[in-house]
1. Filter the stretch 18-46 for residues that are surrounded by fewer than 22 Cβ atoms within 10 Å (Cβ to Cβ) and among the hydroxyl-bearing types (Ser, Thr, Tyr) and give the result.
2. Can you name the number of the only condition in (1) open to solvent by less than 40 Å² (accessible area, probe 1.4 Å); (2) at pLDDT below 95 that GLN11 fails?
3. Which of the numbered conditions does GLN72 fail, given that it passes all the others? Conditions: (1) of a type in the set (S, T, N, Q); (2) touching a residue at least 60 places away in the same chain (Cβ under 8 Å); (3) open to solvent by 40 Å² or more (accessible area, probe 1.4 Å).
4. Take the conditions under 16 Å from MET145 (Cα atoms) and at pLDDT 95 or above and apply them to ILE41. Does it pass?
5. What single numbered condition from (1) more than 14 Å from the chain's Cα centre (by Cα); (2) at positive phi; (3) not basic (Lys, Arg) fails to hold for SER51?
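The values are calculated or read from the model by the stated rules, or taken from the named source; none is laboratory data. Please read all numbers here as calculations on a predicted model, not as lab measurements. So basically every Cβ, Gly included, is an ideal-geometry build from the backbone, and we count neighbours across all protein chains shown. Only protein heavy atoms, including side chains, enter the accessible area calculation; ligands, DNA and RNA are left aside. Shrake-Rupley method; radii C 1.70, N 1.55, O 1.52, S 1.80 Å.
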Amino acid sequence: MKSPVGDREQQILAETPFAPFGELKFSLTYSPKEGHLSVRIIKADNLMKGSELRECNSFVKVILVTNQVAKQHTHIVKATKTPVFDKRLLFRGVTVPDLSIANLKMKVYTKTSSTISLNSKRTLLGEVTLPLADFSLSFGNEIKMWRKLQDRSMVGSLPAFIRIPAFYLW
């Protein structure tokens with residue numbers, strides 16, 4: 001079976017600085033005619049890096065935030081730190097003006113239970129947040145990318161060690 005990740009992509013991934021929470025490969029496609037945003041979750045890599053556990057049972061929850069909130073998720077991939085999802089999630093009713101204000105969140109979870117289902121206890125491994133205005137999606141082209149998962153406490157904020165106390169702000 002051919003790997004969904006090419007040799008050059010593996011080389012680029014290997015050369016990138018350490019990503020303690022793992023990486024996520026996905027693609028975005030927007031169809032202006034139908035008003036559909038397609039998010040394809042391809043795979044994750046290096047999940048739970050440094051953990052004593054050799055494998056995890058993971059899934060990705062995708063949240064599209066415009067004037068409304070829409071949520072979808074992939075299936076659970078069991079017993080691996082490098083899950084291949086290859087799942088296309090379709091968000092309907094997304095207009096071109098929605099793209100200018102939309103944020104896309106992709107949260108990677110692992111399930112920790114003897115019986116694994118979507119109702120089992122889940123642990124957030126990391127997430128990616130993208131403002132869709134940063135991408136040229138209105139032309140119908142597919143944009144593939146790798147993104148490092150961020151710790152939830154770091155997303156959208158400065159790390160604690162570089163925050164400036166209020167009394168230093170004049």
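1. Within the stretch 18-46, SER27, THR29, SER31, SER38 meet the criteria.
2. (1)
3. (2)
4. yes
5. With (1) more than 14 Å from the chain's Cα centre (by Cα); (2) at positive phi; (3) not basic (Lys, Arg) applied to SER51, the lone miss is (2).
Yes/no matrix, rows are residues, columns are (1) open to solvent by 50 Å² or more (accessible area, probe 1.4 Å); (2) at pLDDT 95 or above:
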site: PHE85; (1), (2): no, yes
site: LEU90; (1), (2): yes, yes
site: VAL128; (1), (2): no, yes
site: ALA133; (1), (2): yes, no
